[in-house]
């Protein structure tokens, strides 16, 4: 865990340093950072060969200055909206079908910041993937499961912070022989953000 957090913090500070340097072309345009790219990692002790991860539900509380590509009627700046296709994609060593990824974006006042709730379903049937996490939040490096693309409100203006983890993530574990779903209490998701 310490190794992962150190590596995460080094990556974040490196990205911040690189994004803050570079360029002095003055006035906006060339080379300005416009996106925050967040990788989602799953931690948990799901080690039985007869079990797979069935669901992952996690929440990212976003700071001001970061936008999610949500869907809403023009001019509406309050409410909960579904995400547009492609904002969240499956990534890492094992892919979940695009049809199994959904999410909502909640905004209260204005369009900066908000809460992103992400749901990943490891759909049953022939397409089901044996997604497993054999590491623990206390050790190892986790398993990458998704990438989320955010837009910065002001190009070149990085947020003061981005979420690092969700200790309350709900991870459903499917026992394939009976299809009983359990929720290991040690599961959580971690987030690593870089900027482009």
Any chance residue 111 is modelled with pLDDT of 80 or more and in contact with a strand residue (DSSP E or B) (Cβ under 9 Å, 6 or more places away or on another chain): no
Among the residues of the range 139-156, is any over 20 Å from residue 85 (Cα atoms), modelled with pLDDT of 90 or more and surrounded by 14 or more Cβ atoms within 10 Å (Cβ to Cβ)? yes
From the residues in the range 35-75 that are surrounded by 19 or more Cβ atoms within 10 Å (Cβ to Cβ) and assigned to a loop (DSSP other than H, G, I, E, B), which one is modelled with the lowest pLDDT? 46
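So in the range 76-108, with the set limited to residues that are in a strand (DSSP E or B) and over 13 Å from residue 146 (Cβ atoms), which one is modelled with the lowest pLDDT? Steps first, please.
First, pick out the residues of the range 76-108 that are in a strand (DSSP E or B): 79-83, 88-90, 101-107.
From the residues that got through so far, the ones that are over 13 Å from residue 146 (Cβ atoms) too are 79-82, 104-107.
Values: 79: 83, 80: 86, 81: 85, 82: 86, 104: 90, 105: 88, 106: 86, 107: 80.
So the residue we want is 107.
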Just checking, how many residues over the range 138-196 are closer than 16 Å to residue 62 by Cα, touching a residue at least 40 places away in the same chain (Cβ under 8 Å) and outside any loop (DSSP other than H, G, I, E, B)? 14
For the list (1) more than 19 Å from the chain's Cα centre (by Cα); (2) surrounded by fewer than 15 Cβ atoms within 10 Å (Cβ to Cβ); (3) at pLDDT 85 or above, I need the number of the one condition that residue 32 fails. (2)
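The values are calculated or read from the model by the stated rules, or taken from the named source; none is laboratory data. These numbers were taken from a predicted model, which means no experiment stands behind them. Glycine also receives a Cβ, built like all others from the backbone with ideal geometry; neighbour counts cover every protein chain displayed.
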